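Written below as structure tokens is the structure these notes are about.
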Amino acid sequence: MAHAQQAGQSQRAAITSASLARSTVRHWNAPPVTSAAAPAALADFIETPEGVEWLRRVQMAAHWCICEQGGAGVRVVCDFLELSGLSALSGASYGTQQAFQAELERQIVSSATTLREVLAKTMPHRLLSVVEDETWQDGMRLVAIEPVSNVILLEQVSAARSAAAWSQALERGLAGFKVTVVQGISDEAKGLLAHVERDQGAHHSTDLFHLQHEVSKAMSLALRRTEQQAEAEETTAKARWQAECAAEQAYHRQHHGPGRPPAFAARIDRTLEAYVQASLARERAQAQRAESKALIGAFSAVDHPYDLEQGQAQTPEQLQTHLAGLFARLEALAEEVDLSERLCARLAKAKRLTNSLVATLAFFFMTVNTRVQALDLSPAIEQAMLNDLIPALYLERAAARSPGAEQRHRLRALSAQRLAPLQQPAHPIQSLDEATRRHLEQVAGDCADLFQRSSSCVEGRNGVLALYKHGHHRLSPRKQQVLTALHNFAIKRPDGTTAAERFFAQPHPSLFEQVLERMPWPARPARRRPRPAKRPYLTLVAA
């Protein structure tokens, strides 16, 4: 402000160019007033240019963390300013902070759009796998996520989920990107199938969860009911046996005259035999349910391009054999428990999806072989890539997704075992220069990431939006855009990278810092006006 006036501008022109209120400038020019809530040294610091910068950063950080990332409302920020004592230095009213947040959200969306356009111009070309599904928070939204980087490519409201709607939306979402879609991961919706295979010309990978879910719907409830019925019959049989034993004891405690006593022994033997049979039936039902649960989990264990026990490549024929064996046992269980025709149809529907799983494995190995052969390597290094490096990197990724610590440690040890020969000085790959080895590692990592069998990232996004909606009751279009921008450009993994940085393969400026430069200066607090005391209702009134 002072520099602008020294350059010959009037105070009004300087105020307009700085987007400030005249009351704020008058407050700055007024003699400093020390507030009881703010120490004198802090009040003096705020009057300096550095102090104003610091105050704007603190206020924006409060809105950024509390409202945008934390999902709370503006009133929580107002309370924060009051309790921290910053309300003596910056306006803490709801109207002031609400206007600040609205401007913050506009700048977040604008800055993220600019970053997206700049990064898209310099990104390297890449083959893209896309996970697609719908979310249902405040209407239907079409969502597409790149599963490796977890960047949101598309998140928009749509009135339809047909193949044409998906293709048009994805075309807008990928505008300006140097990518080629080679794989789509989703459920078996007809619109998505046509969109991926016909419109994009890509391979469709079936979500393994939907196969497991169909099997679970066919088997789990029926087996649980059988188990509950067996438990109830066992309880009834036990009660009858105990009643017969108690009747015999009660009979012998009393004096009886001549005559044949009741045949307690035969009754007890019959009820005991019934109790034993009921116990065996309950154990059999429990074993059938446990086996069904284990078989459902076994689908996840076998659906991998590399065997998780030895790390060897699994051919599509081997996968087909494993899946056929699992379904053969499930069908035998269904026959044992006399599954209904409707539930058997669900099991048959799930069985039909095995062809898609086998096709995905064939697509994986075909693409991997094509990419490795395009490198034009020597036979020894090419075999090392296919047999050791790519399997080792895949096992490392499988370990990161494993639920149990024991399995994680085992898979990491197996990955290290496959990498050990490549790290020996005598191996041909060590004769390559460092840049070439880095390039081979990158290609091997891309190949390992190619195998995708889950659309859980979109389901997780749906859950996150549900939490935000729970606090806000609805998500406005601007709020939705802000959440997408923060997901892509602000939220970081433990390695310190954002989703955009992983997707575009290059670092980008901090979104927070870019928005901070565009935000207005914090408003100065208004003069506190004393509120009139509330008049008691029973005050005497003169006659």
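The values are calculated or read from the model by the stated rules, or taken from the named source; none is laboratory data. Remember, it's a predicted structure, so these values are computed and weren't measured experimentally. Note that each Cβ is placed from the backbone with ideal geometry, even for glycine, and that neighbours are counted across all protein chains shown.
Confirm whether ALA175 is among the hydrophobic types (A, V, I, L, M, F, W, C), surrounded by fewer than 17 Cβ atoms within 10 Å (Cβ to Cβ), part of a loop (DSSP other than H, G, I, E, B) and on the phi < 0 side of the Ramachandran plot.
Yes, satisfied.
With respect to the numbered conditions (1) among the β-branched types (Val, Ile, Thr); (2) surrounded by 20 or more Cβ atoms within 10 Å (Cβ to Cβ); (3) more than 24 Å from the chain's Cα centre (by Cα), which one is the sole condition not fulfilled by THR360?
(3) is the only condition that THR360 fails.
I need the helices (runs of 4 or more DSSP H) fully contained in segment 445-543, keeping only those with at least 1 residues that are farther than 24 Å from ILE108 by Cβ.
Working: elements: 456-472, 477-489, 499-504, 511-518.
Result: 456-472.
Please specify each residue of segment 119-146 satisfying the condition of being of a type outside the set (Asp, Glu) and in a loop (DSSP other than H, G, I, E, B). Let's see the steps before the verdict.
Applying the first criterion (of a type outside the set (Asp, Glu)) to segment 119-146 yields 119-131, 135-137, 139-145.
Selection gives MET123, PRO124, HIS125, TRP136, GLN137, GLY139, MET140.
ARG461 passes all but one of (1) assigned by TED's automatic domain parsing to the domain that holds HIS63; (2) modelled with pLDDT under 95; which number fails?
If we test ARG461 against (1) assigned by TED's automatic domain parsing to the domain that holds HIS63; (2) modelled with pLDDT under 95, just (1) comes out false.
Among (1) at pLDDT 95 or above; (2) closer than 28 Å to ALA112 by Cα, there is one condition HIS472 misses while meeting the rest; what is its number?
(1)
Only residues that are surrounded by 15 or more Cβ atoms within 10 Å (Cβ to Cβ) and modelled with pLDDT of 85 or more: list them for segment 17-42, please.
Answer for segment 17-42, where residues must be surrounded by 15 or more Cβ atoms within 10 Å (Cβ to Cβ) and modelled with pLDDT of 85 or more: just LEU42.
Return yes or no: is LEU127 more than 29 Å from LEU475 (Cβ to Cβ), surrounded by fewer than 19 Cβ atoms within 10 Å (Cβ to Cβ) and under 23 Å from the mean Cα position of the chain (by Cα)? Spell out how you get there, then give the answer.
Numbers: more than 29 Å from LEU475 (Cβ to Cβ): yes; surrounded by fewer than 19 Cβ atoms within 10 Å (Cβ to Cβ): yes; under 23 Å from the mean Cα position of the chain (by Cα): yes.
So LEU127 passes the test.
Just a yes or no: is a residue in segment 153-165 of a type in the set (A, V, I, L, M), under 21 Å from the mean Cα position of the chain (by Cα) and at pLDDT 95 or above? Show your work before the answer.
Residues of segment 153-165 of a type in the set (A, V, I, L, M): 153-154, 157, 159-160, 163-165.
Narrowing further to those that are under 21 Å from the mean Cα position of the chain (by Cα): 153-154, 157.
Narrowing the set further to residues that are at pLDDT 95 or above leaves 153.
Yes: segment 153-165 contains one or more residues that are of a type in the set (A, V, I, L, M), under 21 Å from the mean Cα position of the chain (by Cα) and at pLDDT 95 or above.
Just one of the numbered conditions (1) under 22 Å from the mean Cα position of the chain (by Cα); (2) in a loop (DSSP other than H, G, I, E, B) is not true of PRO425; which one?
Tallying (1) under 22 Å from the mean Cα position of the chain (by Cα); (2) in a loop (DSSP other than H, G, I, E, B), PRO425 fails exactly one: (1).
Does segment 80-97 hold any residues that are more than 17 Å from TRP521 (Cβ to Cβ) and part of a helix (DSSP H, G or I), and which are they?
Going through segment 80-97, the residues more than 17 Å from TRP521 (Cβ to Cβ) turn out to be 80, 82-85, 94.
Selection gives PHE80, GLU82, LEU83, SER84, TYR94.
Specify the residue that is farthest from the chain's Cα centre (by Cα); the eligible residues are those in segment 368-393 that are outside any helix (DSSP H, G or I) and of a type outside the set (Asp, Glu). First the steps, then the outcome.
Going through segment 368-393, the residues outside any helix (DSSP H, G or I) turn out to be 374-378.
Remaining after also requiring of a type outside the set (Asp, Glu): 374-375, 377-378.
Values: ALA374: 34, LEU375: 34, LEU377: 38, SER378: 41 Å.
Checked segment 368-393; the qualifying residue farthest from the chain's Cα centre (by Cα) is SER378.
Among (1) among the small types (Gly, Ala, Ser); (2) assigned to a helix (DSSP H, G or I); (3) closer than 26 Å to GLN506 by Cα, which single condition is SER149 missing?
Failing condition for SER149: (2).
Taking ILE390 as the residue in question, decide whether it is touching a residue at least 24 places away in the same chain (Cβ under 8 Å), crowded, with 18+ Cβ neighbours inside 10 Å, farther than 21 Å from HIS203 by Cβ and out of contact with any Ser or Thr (no Cβ under 6 Å at 6 or more places or on another chain). Before the answer, list the steps.
Details: touching a residue at least 24 places away in the same chain (Cβ under 8 Å): yes; crowded, with 18+ Cβ neighbours inside 10 Å: yes; farther than 21 Å from HIS203 by Cβ: no; out of contact with any Ser or Thr (no Cβ under 6 Å at 6 or more places or on another chain): yes.
No.
Looking at GLY139, GLY91, GLY71, GLY173, can you tell me which residue is farther than 30 Å from PHE451 by Cα and in contact with a strand residue (DSSP E or B) (Cβ under 6 Å, 6 or more places away or on another chain)? Working first, answer last.
Working: GLY91 fails: in contact with a strand residue (DSSP E or B) (Cβ under 6 Å, 6 or more places away or on another chain); GLY71 fails: in contact with a strand residue (DSSP E or B) (Cβ under 6 Å, 6 or more places away or on another chain); GLY173 fails: farther than 30 Å from PHE451 by Cα.
From the options GLY139, GLY91, GLY71, GLY173, the qualifying one is GLY139.
One line per residue, one yes/no per condition, for (1) within 30 Å of the chain's Cα centre (by Cα); (2) surrounded by 14 or more Cβ atoms within 10 Å (Cβ to Cβ); (3) aromatic (Phe, Trp, Tyr):
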{"residue": "GLY297", "(1), (2), (3)": "yes, no, no"}
{"residue": "VAL302", "(1), (2), (3)": "yes, yes, no"}
{"residue": "GLU309", "(1), (2), (3)": "yes, no, no"}
{"residue": "ALA313", "(1), (2), (3)": "yes, yes, no"}
{"residue": "PRO316", "(1), (2), (3)": "yes, yes, no"}
{"residue": "ALA324", "(1), (2), (3)": "no, no, no"}
{"residue": "ALA328", "(1), (2), (3)": "no, no, no"}
{"residue": "GLU331", "(1), (2), (3)": "no, yes, no"}
{"residue": "LYS351", "(1), (2), (3)": "yes, yes, no"}
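Name the pairs whose Cβ atoms lie under 7 Å apart, with the first residue in segment 239-255 and at negative phi and part of a helix (DSSP H, G or I), the second surrounded by 10 or more Cβ atoms within 10 Å (Cβ to Cβ) and among the hydroxyl-bearing types (Ser, Thr, Tyr), and 6 or more positions between them or separate chains?
ARG240/THR271; TRP241/THR271; TRP241/TYR275; GLU244/THR271
Given the conditions (1) in contact (Cβ under 8 Å) with a residue 12 or more places away in the chain; (2) closer than 20 Å to ASP449 by Cβ, report the number of the one that LEU486 does not fulfil.
All conditions are met except number (2).
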